[in-house]
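First the structure, in the form of C-alpha cells, and then the observations on it.
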Amino acid sequence: MFKNKEEFKQIFQNNVVSKLGKPLDEVSNEDVYTILSRMLREFAGREWAATNRELRQDQEKQVYYLSLEFLIGRLLGNNLLNMGMLKTVKEGLEDLGISLGEIEEEEADAGLGNGGLGRLAACFLDSLASLGYAGHGCGIRYQYGLFEQKIVDGNQVELPDDWLQKGFEWEVRRADRKVEVRFGGQVETREEDGELYFSTRDYEAVWAVPYDVPVIGYKGSNPDYHINTLRLWSAEPVREMANRNMASGGNYYNYLNYNRSVESISEFLYPDDSHYEGRLLRLKQQYFLCSAGLQSILRTYDKLNLSYDHLPDQIAIHINDTHPTLVIPELMRILMDEKGYGWDAAWDITCRTVSYTNHTILSEALERWPAQMIRELMPRVYMIIDEINTRFCKMLMDKYPDDPDRVAHMAIVYDDQVKMAHLAIAGSHSINGVAALHTDILKEREMRNFYELYPQRFNNKTNGITHRRWLMHANPELCDLISDSIGSRWITHPQELVGILKYSEDAAFQEKAAAIKQHNKQHLASYIEQKYGTVVNTESIFDVQVKRLHAYKRQFLNILHVMYLYNQLKSMPSHDMVPRTFIFGAKAAPGYYLAKSTIKLINTVANVVNNDPDVKDKLNVFFLENYSVSLAEKIIPAADVSEQISTASKEASGTGNMKLMMNGALTIGTMDGANVEMYEMLGDANMFMFGLTADQVMNYYQHGGYNARDIYNSDPRIKEVVDQLVTPGAFAQNSYEFDSLYRSLLDGNDEYFMLKDFDSYAESHVQIEAAYRNQKDWLKRSIHNIAHSGKFSSDRTIGQYASEIWKIHPVNK
Ligand code: 26W
C-alpha cells in the first residue's frame, strides 16, 4: 500500500483532501480515524479477496467457529500491527502532529461479548488467521453490545452500548449472501413408497443478512497476507411475509409488529455471564445463528460439487459452549429433509462434523430449554431432538439395563426440558474443557457418565490469549525490550519467550523492565486522574482484579481484605506498609443483586479509604467504570499484582490471569483453572498461592463440615470486617445496605469459602509486600512470569485444536 513513511504521509494527505475536502489542520481526530481505517479496509479488501480465491482453489478443509459472542474490541491498532504498518503509520502521523494513540480512542469497542468466552473467541480468530488456517467466525451482529456501565453514587447503572452509531468501518454488508431463517409453523408428514417426508408450512420467515469483517493475520515476514472472515448476521424483515400478512386480511399493525419482532432478534446481546435464563428471544437468537450459519457454510461446500458423505473431510463446525448446539439437529434436518439422507448416515456425518467446548461447570449456567419452547419455535428441529433422545436413551438402556437412574441422568430430554450439554456431547466427536483441572473435573465428576460412555471424545485444550493484542499492541515498549534482547523470533514462536530467562538477573534488563512498568503505571494513572480527578500514587503497588463480577470470583474477599488493611492502619498508624493501590474493573449482570451490592461496597470502601488523611498515602482503592477490552489494554500492562482468587474448582480457566502474567504481573491466586498450569511452570518462587484446593472444596460440598460462623467467631480480624458491613460507622451508612452480603456469609454459610480462605489470603498479601520490598527479586520474578507466558499464547491453543480436533492444516505452508 505504501512503502515507507513518506509515501504513507503523501497518500494519507491526499485522502484527507479528496475525501473530506478539508486542509489537514482542520481535520478532527474522528476524521483521521475514518480516513485511516477506510484506507486500510480498502487495501485489506484486495488481500481478502486473494485469500478467498486461494481457499477456493486449494480446497483445504475449513473450520467455522460458531459463537454467540465475539468480544473483539477495537481493530485499528491491531490491524495496523498485523499488517506490519504500525510503526510507519505512527511515525508518519507524528510528523503531521497527530498522535495515533488519540486516534485509536475514536474507535468504539466492538463489545459483542460478556467476558471470557467472547474474548476467547476473538483471540482464537486472531490466531487462526495469523497461523494461516482457513478458520472463520460466525456470530450475530448485535445492534447493542454489552451495556455501558456508569457508576452513580457507587452503584452500577446500565446504559445501552450504541456501538454502531458512527458506523463500523471494518464491516461489509453482503446483501447478496442473505439467507432465509424460518420460525414456527406446522410440520406436515407425507408418506411415499414407504418413506416419510417432512415439510413445514405457515412458518414465519426472516432474512439473515451477513456483515463480513476481515480477520487480518499477522504478516510478519510472510510474502502474502492471510485474511479470514468473521461473518456477523443481522435480522431483517422479509417483505413477502408482510405482503402475505396484508393479503390475508392482516392489518398494518400486524405488519409493524412483525417488523419489530424480526429486528429484535439481533438487537442486543444478553448480558448474562454464567447464569442461564430461559428467554424465548435468546433461543431465537441461537437458532437464527445456527440456521443462517449452516446455510452459508453449506453454500460454500456446494461449490465443491462433492457428495455430503465428504462433509466432515472438508468442514469442521465448532460450537463455543452449548449456545449454538441447535446446529446439530439443524444439520440433521438439512441432511435428511433436503439432501435425502437416512437417519444413520445423517447422524454419522453430523457427529463427525461438530465439536464442542465446555466453558463452565456452574450448574446455574448449564442451558436447559423447555421442550415446549423449542417445539413452538422450530417444530421440525424439535422432532429431530426428540428422536435423537429416543435413540440415545434406547442405546443407554441396552448398555446399562440395570441402571435406570444413569439413563435418566444422561437423557437429553428429561422432565420436559432439553439439556443442551447432553445434546452437544451426543452429537459431536470432541468435547473439550479449557484447562487441565477443568477437564479433569468434567471427566471425573460433572460429565462422568458421559466420559465413561465416550472416553475418546473428551480432551483438554488449555485456553490462551493472543500475544499480539495483549503484549505487542498493549505493551509495545516491553515488546521492544524483549526483541532487542533475544531477537524477534518469539513473535512467531511465543514459547521462545523463555529466552529472556537468562536476563532475569541482569541489572540492565531489570532496570529497563522496571522503567517500562513505571511508564505504564503513569499512563494508567493519568487516565484515572483525567477521568476521576484523583491523584494516583505511582510508587505504590498496583494490585489489579479485572473480570466480570461474580460471587465465585470473590471480588468480595478482595474488598474484605482491603477493609482489614484499613482497620490495621487505623489502629496502628505507624504500621510500615508499602503503599498499595487496589484497582477493580467489573460489570455485574443487571439482575444479579449480590454482584451489584459488591460493586457498591467496593465504591463505598474506596470513598472512605481515599479520603481518609490517616491512610490515603498508603492505601487507595479505585473502581474503574465500564471495564472493556480497550480499558483492559490500559490496565493490564500497568499491573504489579494480579488477583486470580476464585473459589477453587469454579473458574474453568480464566484468561485475564494469562494476560497479566504476560505483562509481568505476579499472581496471587488459588489452585483453580489455568492458575494450576501457571504454577506448574512458575513454582512458589514466582507465584503466591493460597486457599482451599478444588478437592477440598468439592469435598465440603459433598460431605459438609464447613461452618462459616465458627471462623467468624474465632478470628477477630474477620469478625470486625464482617460486622462493619452492617454497622454504620467506618464504611456502611446504615445497617441494611450490605445486609445481603453479610447474610450470604453467615446465614448462607459462605458458599464460596471467603472466610475459610481469608487467613491464607491475608498471609499471601504479607508475602507479596515483603517480596516487593526487594525490587531486584521482584523484577526477577516478574521476568520469570513473562518468560513462561509463551505457553499461554492462543497460537499454542489453536495449533492443538487444529491438529487434534479439527484436523486442519495451514494454507500454503
Ligand atoms: C447462557 C448464560 C451463559 C452465558 C455465558 C452461560 C455461560 C456463559 C459462559 C460459558 C461463561 C464464560 O464466559 N465462561 C468462561 O469462559 C472462559 C473461556 O473459556 C474461561 O476462561 C472462564 O474461566 C469461564 O468462566
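All C-alpha to C-alpha distances of the chain, sorted into 10 Å bins beginning at zero, yield P(r) values of 2, 13, 22, 25, 20, 12, 5, 1, 0, 0 percent in whole numbers.
Taking 0.36 nm per residue of separation and subtracting the Cα-Cα distance, full extension of the segment from GLU452 to LYS634 would add 61.0 nm. Helical runs assigned H by DSSP (4 residues or longer) give the chain a calculated mean residue ellipticity at 222 nm of -14000 deg cm²/dmol, each run adding -39500 (n - 2.57) before division by the residue total. Projected label points at SER28 and ASP759, each 7 Å from Cα along the beta carbon direction, are separated by 6.0 nanometres. Accessible surface area normalised per residue over the chain is 39 Å², counting heavy atoms of protein chains with a 1.4 Å rolling probe. The charge dipole of the chain, taken about its Cα centre with unit charges on the Cβ atoms of Lys, Arg (+1), Asp and Glu (-1) only, comes to about 1040 debye. Counting 0.36 nm for each residue step from SER485 to GLU720 and taking away their Cα separation leaves a gain of 79.6 nm.
May I ask you to derive the relative contact order of the chain, considering only C-alpha pairs under 8 Å and at least 6 residues apart, and to give it as an integer percent? Walk me through the numbers on the way to the answer.
Numbers: 1428 pairs, mean separation 107.2, N = 813.
For the chain, the relative contact order is 13 percent.
Okay, which of the range 181-203 sit inside 15 Å, backbone N to the point 7 Å along the Cα-Cβ direction of ARG244? The answer is 181-188, 199-203. With θ taken as phi - 60° and the Karplus curve 6.51 cos²θ - 1.76 cosθ + 1.60 applied, the whole-hertz 3J(HN,Hα) list for the range 738-753 is 10, 4, 5, 5, 4, 5, 4, 7, 9, 5, x, 6, 6, 3, 9, 6 Hz, x standing for glycine and proline. The stretch between GLU769 and ASP405, if pulled fully straight at 0.36 nm per residue, gains 125.7 nm over its current Cα-Cα span.
What is the range 33-135 by shape, rounded, prolate or oblate, if you read a ≥ b ≥ c off the alpha carbon gyration tensor as root eigenvalues and call it rounded for a/c under 1.5, prolate for a/b larger than b/c, and oblate otherwise? Please report the intermediate quantities before stating the final value.
Details: a/c = 2.60, a/b = 1.38, b/c = 1.89.
In terms of gyration-tensor shape, oblate.
Between amide H atoms placed 1.01 Å from N, distances below 5 Å from MET689 occur with GLY669, all of them 5 or more places distant or on a separate chain.
Most tightly packed first, judged by the mean number of other beta-carbon atoms within 10 Å of their residues, the peptides 487-493, 15-21 read 487-493, 15-21.
For the pair ALA514 and ARG279, label points projected 7 Å from Cα toward Cβ lie 5.1 nm apart. For the range 657-813, the Cα gyration tensor yields ellipsoid semi-axes of 38, 22, 15 Å (square root of five times each eigenvalue, largest first, whole Å). Just check the range 372-526 against the gyration tensor rule for me: Cα atoms, a ≥ b ≥ c as the square roots of the eigenvalues, rounded for a/c under 1.5, and otherwise prolate or oblate depending on whether a/b exceeds b/c. Prolate, because a/c is 1.5 or more and a/b exceeds b/c. Karplus-derived 3J(HN,Hα) values for the range 655-663, using 6.51 cos²θ - 1.76 cosθ + 1.60 with θ = phi - 60°, are 10, x, 3, 6, 4, 5, 4, 5, 9 Hz; glycine and proline are entered as x.
Among 414-421, 631-638, 358-365, how do they line up from the highest to the lowest mean number of other beta-carbon atoms within 10 Å?
631-638, 414-421, 358-365
Dipole magnitude for the range 146-191: computed about the Cα centre from +1 point charges on Lys and Arg Cβ and -1 point charges on Asp and Glu Cβ, it is near 280 debye.
Summarising the label geometry, the points placed 7 Å from Cα in the beta-carbon direction at GLU169 and ASP302 lie 3.7 nm from one another. Going by accessible surface with a 1.4 Å probe and the largest first, TRP207, TRP369 read TRP207, TRP369. For SER642, the residues whose modelled amide H falls within less than 5 Å of its own, excluding neighbours fewer than 5 places apart on the same chain, are VAL544, LEU666, THR667, ILE668.
Nearest 20 debye, what's the magnitude of the dipole of the range 159-247 about its Cα centre given +1 on Lys and Arg Cβ and -1 on Asp and Glu Cβ? Walk me through the numbers on the way to the answer.
Working: 12 positive and 17 negative charges, 92 e Å.
Approximately 440 debye in magnitude.
Sparse packing (at most 13 other Cβ atoms within 10 Å of the Cβ) combined with a DSSP loop state is found for none of the trypsin sites (Lys or Arg not before Pro) in the range 79-135. May I ask you to list the residues of the range 38-69 whose amide nitrogen lies under 18 Å from a point 7 Å from Cα along the Cα→beta-carbon direction of GLU91? Counting only backbone N, you get no residues. Toward the positive end of the charge dipole of the range 262-301, with +1 on the Cβ of Lys and Arg and -1 on the Cβ of Asp and Glu, the farthest Cα among TYR276, GLN286, ILE297 is that of ILE297. Nearest 0.05, what FRET efficiency do GLU180 and ASN15 give at R0 = 30 Å with Cβ-Cβ as r? E(calc), rounded to 0.05, equals 0.15.
Residues whose amide H falls under 5 Å from that of GLN417, counting only those 5 or more places apart or on a different chain, are ALA371, with hydrogens built in the peptide plane.
Which order do the peptides 777-783, 723-729 take when ranked by the mean count of other beta-carbon atoms within 10 Å per residue, highest first? Let's see the in-between values first.
Working: 777-783: 20.0, 723-729: 15.9.
Output ranking for 777-783, 723-729: 777-783, 723-729.
Past the 20 angstrom mark, what percentage of all C-alpha to C-alpha distances in the range 358-434 do you count? Roughly 35 percent, rounded to a whole number. Selection among MET577, ILE486, ILE465 by position relative to the dipole of the chain gives ILE486 as farthest towards the positive end (Cβ unit charges, Cα centre). What is the list of residues in the range 435-465 whose amide nitrogen lies under 18 Å from a point 7 angstrom out from the Cα of ASP398, following Cα to Cβ? Hits in the range 435-465 for ASP398 at 18 Å: 453-455. Counting only protein heavy atoms and a probe of 1.4 Å, the accessible surface of the chain is 47% carbon and sulfur.
The values are calculated or read from the model by the stated rules, or taken from the named source; none is laboratory data. None of these values were measured; they are calculated from a predicted model. So basically every Cβ, Gly included, is an ideal-geometry build from the backbone, and we count neighbours across all protein chains shown. With ligands, DNA and RNA removed, areas are computed over all heavy atoms of the protein, side chains included. Shrake-Rupley method; radii C 1.70, N 1.55, O 1.52, S 1.80 Å.
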